[in-house]
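Novice: One structure is given below, represented as structure tokens, and several questions about it will come after.
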Amino acid sequence: SPGTVLITGTTSGVGLYACKALVYRGWQVITANRHPLRAVAAAERVGIPAAQLTHLRMDLSDLQSVRDGVETLLGSLEQPLDALVCNAAVYQPRLRKPKRSAQGYELSMATNHFGHFLLIQLLLENLGKAKVFQSARGSYLSAARVVILGTVTANYKELGGKIPIPAPADLGNLSGFEQGFHAPISMASGKSFKPGKAYKDSKLCNMITTQELHRRLHEQSGILFTSLYPGCVADTPLFRYTPKIFRFLFPIFQRLITGGYVTQAKAGQRVAQVVTNPEFGVSGVHWSWGNRQKKNRESFRQELSERATDPITAKRVWELSMKLVGLT
Ligand code: NDP
């Protein structure tokens, strides 16, 4: 087998189709879901052969569940992991009041950022074992990859990242994290709750994490850390909590007006490419295929805004996240 990959959130959308694409490329895929039976049913529904699949129970919103899932995983792995894909996410833009995770954190930040942050930290040692050292040239022949789903709407450098509905991603002075991120605090910035922005902020944290992992750990561990924007997959269940009229119009708008629309299958293929293809074996890169889809368009390295790349912010996000997930 070319490798083993752990991927979070495979009951629908990008994760499900990434799972399919990776299985078809010969990979062993371990899925991590809060309801593994839903993952089994979804895989069957889209025709993924079960022989290359293993299902793990993990609720990304609950730090204890992440720890338990990792313990089960590490106890059962025969070979080190070759890749980790951080894909699961929740987006609930219509909440009036924040929902809370098991640890009392705002739910989208807890699921999308803290759950994955802890998951990565707990798997780093294992992922570091996958490298094959090419001693003659002093470089790695192959190494494990950590691939994180980012998004255009959290990248202030791109037009999609500047849309003020409800506000662009912005972690402010991080006083929300600093004060412990418990009620009544619900935003990283410590400002008032904006559910749509909470999602964007969490995705900004995902991209900051990728950059900081690269800075801190790539050289010593060999692990390749990348993020990607797969295109606007406008019809996934991610948008299940948006108004019905939005769910009807958004895919049409993205197809006909912006040209940003990509199918779930295509987005899944893109994730699989970043996991497996040699040309994506570069650490610290945010990959994109652009915001307007064109036939046969090649991927490119999308520049991230200073909000994602600034090392001082990243250092604080790292240190505060370490604390909030209970590692320091
Ligand atoms: P979906 O809603 O289709 O998929 C999200 C997945 O995450 C589901 O399998 C869901 O499972 C899982 N999940 C949610 N909460 C948890 C949890 N607490 N623990 C474990 N798993 C959980 O969304 P998409 O496929 O659209 O999104 C996938 C990723 O792609 C996200 O990171 C998103 O930010 C990113 N992305 C999406 C874009 C788009 O246009 N759709 C654009 C750019 C990035 P469950 O059945 O349990 O809810």
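Novice: Any chance the stretch 254-266 includes a residue that's open to solvent by less than 10 Å² (accessible area, probe 1.4 Å) and more than 14 Å from the ligand (Cβ to nearest atom)?
Specialist: Checked against the condition, which is being open to solvent by less than 10 Å² (accessible area, probe 1.4 Å) and more than 14 Å from the ligand (Cβ to nearest atom), the stretch 254-266 yields no hits at all.
Novice: Moving on to the next point. Step by step: first the residues of the stretch 63-74, then only those that are open to solvent by 50 Å² or more (accessible area, probe 1.4 Å) and either without any contact (Cβ under 8 Å) to a residue 40 or more places away in the chain or within 11 Å of the ligand (Cβ to nearest atom) (or both), then the one that is nearest to K191 (Cα to Cα). Which residue is that?
Specialist: Looking at the filtered set, the residue picked out is Q64.
Novice: Please work out if A89 is part of a strand (DSSP E or B), crowded, with 17+ Cβ neighbours inside 10 Å and within 8 Å of the ligand (Cβ to nearest atom).
Specialist: no
Novice: What pairs come up if the first residue lies in the stretch 291-310 and is under 11 Å from N155 (Cβ atoms), the second is among the acidic types (D, E), and their beta carbons are under 7 Å apart, counting only those six or more places apart or on different chains?
Specialist: N291/E158; R307/D170
Novice: Further, regarding this structure: Can Q79 be described as touching a strand residue (DSSP E or B) at 6+ places or on another chain (Cβ under 9 Å) and modelled with pLDDT under 95?
Specialist: So Q79 passes the test.
Novice: Return the residues of the stretch 95-120 that are open to solvent by 10 Å² or more (accessible area, probe 1.4 Å), of a type in the set (D, E, K, R) and touching a strand residue (DSSP E or B) at 6+ places or on another chain (Cβ under 8 Å); say none if nothing qualifies.
Specialist: Answer for the stretch 95-120, where residues must be open to solvent by 10 Å² or more (accessible area, probe 1.4 Å), of a type in the set (D, E, K, R) and touching a strand residue (DSSP E or B) at 6+ places or on another chain (Cβ under 8 Å): K99, R100.
Novice: May I ask you to say which residue of G115, G104, G128 is away from the ligand (no atom under 12 Å from the Cβ), within 25 Å of T242 (Cα to Cα) and of a type in the set (G, A, S)?
Specialist: Checking each option against the conditions leaves just G104.
Novice: Any residue at all in the stretch 190-208 that is at pLDDT 95 or above, outside any helix (DSSP H, G or I) and within 20 Å of the chain's Cα centre (by Cα)?
Specialist: no
Novice: Just to verify a result, which residue in the stretch 215-233, among those that are part of a helix (DSSP H, G or I) and touching a residue at least 24 places away in the same chain (Cβ under 8 Å), is surrounded by the fewest Cβ atoms within 10 Å (Cβ to Cβ)?
Specialist: R216
Novice: Shifting gears a bit: For the condition closer than 26 Å to D170 by Cα, open to solvent by less than 10 Å² (accessible area, probe 1.4 Å) and out of contact with any Gly (no Cβ under 9 Å at 6 or more places or on another chain), what is the one hit in V274, V317?
Specialist: Of V274, V317, the one residue that is closer than 26 Å to D170 by Cα, open to solvent by less than 10 Å² (accessible area, probe 1.4 Å) and out of contact with any Gly (no Cβ under 9 Å at 6 or more places or on another chain) is V317.
Novice: Next question, about the same structure. What is the residue count in the stretch 236-253 for residues that are near the ligand (Cβ under 8 Å from one of its atoms) and surrounded by fewer than 17 Cβ atoms within 10 Å (Cβ to Cβ)?
Specialist: The qualifying residues number 2.
Novice: Of everything in the stretch 1-43 that's more than 10 Å from the ligand (Cβ to nearest atom) and in a loop (DSSP other than H, G, I, E, B), which residue is least open to solvent (accessible area, probe 1.4 Å)?
Specialist: Out of the qualifying residues, it is G3.
Novice: For the condition away from the ligand (no atom under 12 Å from the Cβ) and within 20 Å of V14 (Cβ to Cβ), what is the one hit in L60, L84, L77, L123?
Specialist: Only one candidate passes the filter, namely L84.
Novice: Ok, one more. What pairs come out if I take residues in the stretch 270-288 that are assigned to a helix (DSSP H, G or I) and pair them with residues that are basic (K, R) whose C-beta lies under 7 Å away, six or more apart or interchain?
Specialist: Listed by first residue and then by second, the contacts come to A272/R25; V275/R145; T276/R25.
Novice: Next question. Go through the stretch 44-57 and give me each residue that's open to solvent by 70 Å² or more (accessible area, probe 1.4 Å) and within 13 Å of the ligand (Cβ to nearest atom).
Specialist: Residues satisfying the conditions are R45, R57.
The values are calculated or read from the model by the stated rules, or taken from the named source; none is laboratory data. Just so you know, these numbers come straight off a predicted model, no measurement behind them. When we count neighbours, we look across all protein chains shown, and the Cβ atoms used for this are built from the backbone with ideal geometry, even at glycine. With ligands, DNA and RNA removed, areas are computed over all heavy atoms of the protein, side chains included. Shrake-Rupley method; radii C 1.70, N 1.55, O 1.52, S 1.80 Å.
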